[in-house]
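The structure appears below as structure tokens.
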Amino acid sequence: MTLEKDGVLSPEELAELPGMPSKERLEQGAVAVIECAQEIPCNPCEKACPSGAIRVGEPITNLPTLIEDKCTGCGLCIPLCPGLAIFVVDMTYSDQEATVQLPYEFLPLPKRGETVKALDREGRVVCPARVVKVLNPKGFDHTAVITIAVPKDQAMNVRNIAVDRR
Amino acid sequence: MRETELAIVGAGPAGLSAAIEAASAGVQVTLIDENQKPGGQLFKQIHKFFGSKEHYAAVRGFDIGAKLLDEVKRCGVEVMLDSVVWGIFSDHTLGIIHDQKNIRLKADKILLATGAMENALAFPGWTLPGVMGAGAIQTLINIHRVLPGKRVIMIGSGNVGLIVSYQLLQAGAQVVAVLEAAPKIGGYGVHASKLRRCGVPILTSTTIKEARGKGKVEKAIAIKLDQDWREIPGTEREYDVDVICLAVGLTPLSELAWMAGCRFEYVPELGGHVPIHDSNMETTVPGIYVAGDLSGIEEASTAMEEGKLAGIAIAEALGYLSPEEAKNRKEAVSRRLDSFRTGPFGEAVKKAKERLQRQGEAK
């Protein structure tokens with residue numbers, strides 16, 4: 001399983017990303033997880049961050065580096081990544097649950113409080129997820145940011161949701 | 001006979017950007033397009049673009065198109081729509097058909113920004129209704145809001161195949177699989193990952209063997225390929241689909257450049273036969289320039305920069321910009337183009353472009 005062959009980042013590939021927060025930082029609270037693994041010409045995430053926690057620099061094809069101590073987990077980078085490759089994970093949400101904020105560009109949008117299916121990087125249903133927040137302001141330009149609560153052990157595995165179409 | 005200082009053929013991202021640069025420097029610009037609306041492919045692009053934060057990154061393609069059109073209007077460019085350029089002559093005259101009438105337009109400089117056409121792929125059953133190009137599907141779903149089918153198989157995993165697959169999901173279709181004959185996914189990993197986490201499989205070293213159906217597509221037969229790209233018997237897999245979408249690359253739309261007598265080079269990395277051009281985007285025929293996909297298949301973002309480069313160079317050649325002013329502006333654009341052309345996806349294009357331009361400078 002690799003990004004080039006299957007379109008899915010392997011655990012090894014994920015571990016090497018400069019946009020991946022450390023285990024220690026994850027335990028401290030909400031933080032961005034930048035799953036950007038190819039040197040493509042793109043840098044809006046760098047400007048999106050109000051805390052200066054994402055660095056691309058020159059050339060523009062550099063991978064984004066997460067400066068994890070500066071990241072507040074605000075999630076403003078999520079809708080500005082054209083590749084929809086940034087998530088925010090909060091492992092401190094509750095005793096059993098973590099939250100995952102993810103970009104979502106399908107209609108209908110889920111509603112707060114609704115239970116949806118949580119999907120992994122291969123689109124497999126891994127568990128139910130409770131929708132904690134739905135953000136879709138004008139500035140996000142139709143990339144809604146959905147916060148879901150999932151069991152802690154699934155927080156680094158869940159990367160999408162499926163909403164039943166009514 | 002009508003006259004203009006700069007005639008631009010093609011009002012896509014390259015043509016629009018060139019028109020803005022040249023007209024805002026004072027050049028009289030006539031922008032010609034065969035479609036009823038300008039914008040080329042931009043208005044079909046509903047996804048957010050990659051790129052630099054200074055230049056439309058994270059802005060959706062159709063919004064970029066709207067901004068360019070506003071600017072074109074503001075700087076007084078004459079736009080001729082529904083107008084087919086059918087010929088180009090040695091005295092810098094274009095033959096144009098508009099409203100069933102023939103118009104001759106003489107221009108001091110001509111920029112060809114005609115873009116590209118989609119490649120086809122022939123296989124048994126490929127003429128059945130339901131086998132469609134990715135561009136047509138994008139027009140249907142994103143412009144006309146018509147779903148061409150319910151279950152789609154995508155052939156090709158370049159950025160076009162990946163993006164159109166995702167847009168089909170957004171439009172409410174099911175994408176049963178993306179097939180890729182090469183052993184690696186062609187487009188950006190982030191586009192592939194977006195599809196995969198929606199549950200769409202991407203099958204590398206796999207191609208389409210056959211389309212079946214009575215009067216329309218009902219089934220697609222996929223087959224695996226070995227390392228020498230030969231079909232592996234017994235690995236066929238059948239999919240129930242009503243659409244087979246072809247996204248197997250683009251070829252520069254070069255007829256007018258051939259007709260003008262431009263010298264060409266065959267460059268596989270750039271999509272086929274490409275007019276040789278220098279760093280001003282001028283071809284081997286003095287006064288005839290190229291930009292965008294015609295000068296090598298790339299992205300809309302690079303097409304816009306190349307258009308600017310041509311627009312600046314033409315304004316300079318016509319005396320509207322001093323050499324120093326033009327040099328400064330060109331350098332800024334070239335820097336951005338260089339940065340776009342780094343990394344694993346841009347490197348091959350950069351080398352091919354440099355080769356082409358060395359020939360262009362030596363002309």
Once the in-chain neighbours fewer than 8 apart are removed, the aspartates and glutamates whose Cα is under 12 Å from B:Lys44 read B:Asp63
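Kindly identify the range B:120-246 as rounded, prolate or oblate by the Cα gyration tensor criterion: order the square roots of the eigenvalues as a ≥ b ≥ c, call it rounded if a/c is under 1.5, otherwise compare a/b with b/c, prolate if a/b is larger, else oblate. It would help to have the intermediate numbers written out before the result.
Details: a/c = 1.83, a/b = 1.15, b/c = 1.60.
Cα axes put the range B:120-246 in the oblate bin.
Report the local net charge at B:Val84: Lys and Arg +1, Asp and Glu -1, summed over other residues whose C-beta lies under 12 Å from its C-beta.
Details: positive: B:Lys101; negative: B:Asp33, B:Glu34, B:Asp82, B:Asp99, B:Glu255.
Neighbour charge sum, excluding B:Val84 itself: -4.
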In terms of the charge dipole of the range B:120-246, which places +1 on Lys and Arg and -1 on Asp and Glu at the beta carbon, the residue among B:Phe123, B:Gln167, B:Ile153 farthest towards the positive end is B:Gln167
Rounded to the nearest Å, what's the spacing between the alpha carbon centres of the range B:120-185 and the range B:1-28? Just the number, please.
34 Å
Over 19 Å between Cα atoms, which of A:Lys23/A:Lys70; A:Lys5/B:Lys219; B:Lys48/B:Lys194; A:Lys47/B:Lys327; B:Lys53/B:Lys350; B:Lys67/B:Lys327 qualify?
A:Lys5/B:Lys219; A:Lys47/B:Lys327; B:Lys53/B:Lys350; B:Lys67/B:Lys327
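Based solely on its DSSP helices, what 222 nm [θ] is calculated for chain A when runs of n ≥ 4 H residues each add -39,500 (n - 2.57) and the sum is averaged over all residues, nearest 500 deg cm²/dmol? Walk me through the intermediate numbers first.
Numbers: 4 runs with 20 residues, N = 166.
Value at 222 nm, helices only, nearest 500: -2500 deg cm²/dmol.
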Would you mind ranking B:Ser205, A:Ser51, B:Ser301, B:Ser193 so that the residue whose beta carbon has the fewest other beta carbons within 10 Å leads the list?
A:Ser51, B:Ser205, B:Ser301, B:Ser193
Alpha-carbon gyration tensor eigenvalues x 5, square-rooted, for the range B:1-94, Å
26, 15, 10
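For the protein assembly as shown, with only Lys/Arg (+1) and Asp/Glu (-1) charged at the beta-carbon, what is the dipole magnitude about the Cα centre, in debye rounded to 20?
Values: 60 positive and 66 negative charges, 267 e Å.
For the protein assembly as shown, the charge dipole is close to 1280 debye.
Give, as a single signed number, the net charge of other residues whose beta carbon lies under 12 Å from the beta carbon of B:Ile97, with Lys and Arg counted +1 and Asp and Glu -1. Spell out each step's value before the answer.
Values: positive: B:Lys101, B:Arg104; negative: B:Glu34, B:Asp82, B:Asp99.
Taking every other residue near B:Ile97 into account, the sum is -1.
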Considering the Cα positions of the range B:227-363, please state its Rg to one decimal place and its Dmax as a whole number of Å.
18.8, 67
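Contact order normalised by length for chain B, with contacts defined as Cα pairs under 8 Å and 6 or more residues apart; what percent is it? Before the final figure, lay out each step's value.
On the way: 827 pairs, mean separation 66.5, N = 363.
Relative contact order, chain B: 18 percent.
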Select from B:Ala11, B:Ala19, B:Ala136 the residue whose mean-square fluctuation is largest in a Gaussian network model of chain B (Cα-Cα springs shorter than 10 Å).
B:Ala136
Once all Cα-Cα distances of the range B:194-268 are split into 10 Å bins that start at 0, what whole-number percent is in each one?
14, 30, 27, 19, 10, 0
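Could you tally the net charge around A:Val131, taking each other residue with its Cβ under 13 Å from the Cβ of A:Val131, Lys/Arg +1 and Asp/Glu -1? Each step should come with its number before you reach the end.
On the way: positive: A:Lys111, A:Arg112, A:Lys117, A:Arg130, A:Lys133; negative: A:Glu97, A:Glu114, A:Asp164.
Taking every other residue near A:Val131 into account, the sum is +2.
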Ranked output for segments A:63-69, B:150-156, A:13-19, A:79-85 by mean other Cβ atoms within 10 Å, highest leading, reads A:79-85, B:150-156, A:63-69, A:13-19
Taking chain B as the reference, fit the longest principal axis to its C-alpha atoms, fit the long axis of helix B:159-171 to the helix C-alpha atoms, and give the angle between the two in degrees, 0 to 90, nearest 10.
70 degrees
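Arrange A:Cys36, B:Cys198 by Cβ neighbour counts within 10 Å, fewest through most, would you? Please report the intermediate quantities before stating the final value.
On the way: A:Cys36 24, B:Cys198 18.
Ordered by Cβ neighbours within 10 Å, fewest first: B:Cys198, A:Cys36.
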On the Cα set of the protein assembly as shown, report Rg and Dmax in Å, please.
24.2, 80
Once you have the alpha carbon radius of gyration of the range A:3-162, what is it after dividing by 2.2 N^0.38 Å, with N set to its residue count?
0.98
So if I place +1 on the C-beta of Lys and Arg and -1 on the C-beta of Asp and Glu, and nothing else carries charge, what would the dipole magnitude of the range B:173-243 be about its Cα centre? I want it in debye, nearest 20.
240 debye
Run the simple label-point estimate for B:His273 and B:Ala348 please: 7 Å along Cα→C-beta, distance reported in nm.
2.2 nm
Distance between modelled label sites at A:Lys5 and A:Thr92, nm, 7 Å Cα→Cβ extension
4.0 nm
Filtered hits (aspartates and glutamates, Cα-Cα < 14 Å from B:Lys330, offset >= 8 within chain) -> B:Glu21, B:Asp278, B:Glu282, B:Glu305, B:Glu306, B:Glu316, B:Asp338
Quick one: putting +1 on the C-beta of Lys and Arg, -1 on the C-beta of Asp and Glu, what dipole do you get for the range A:1-155 around its Cα centre, in Debye to the nearest 20?
660 debye
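How shielded is B:335-348 by partner chains, expressed as the average number of their Cβ atoms within 10 Å of its Cβ atoms?
Details: counts 1, 2, 1, 2, 6, 6, 3, 8, 10, 5, 5, 6, 2, 0.
Other-chain Cβ atoms within 10 Å of each residue's Cβ, averaged: 4.
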Quick numbers on chain B, Rg and Dmax over C-alpha atoms in Å, give 21.2, 67
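Every number here is computed from the coordinates shown, using simple stated rules; none is lab data. These numbers were taken from a predicted model, which means no experiment stands behind them. Ideal geometry is used to build each Cβ from the backbone, glycine not excepted, and the neighbour counts take in all protein chains shown.
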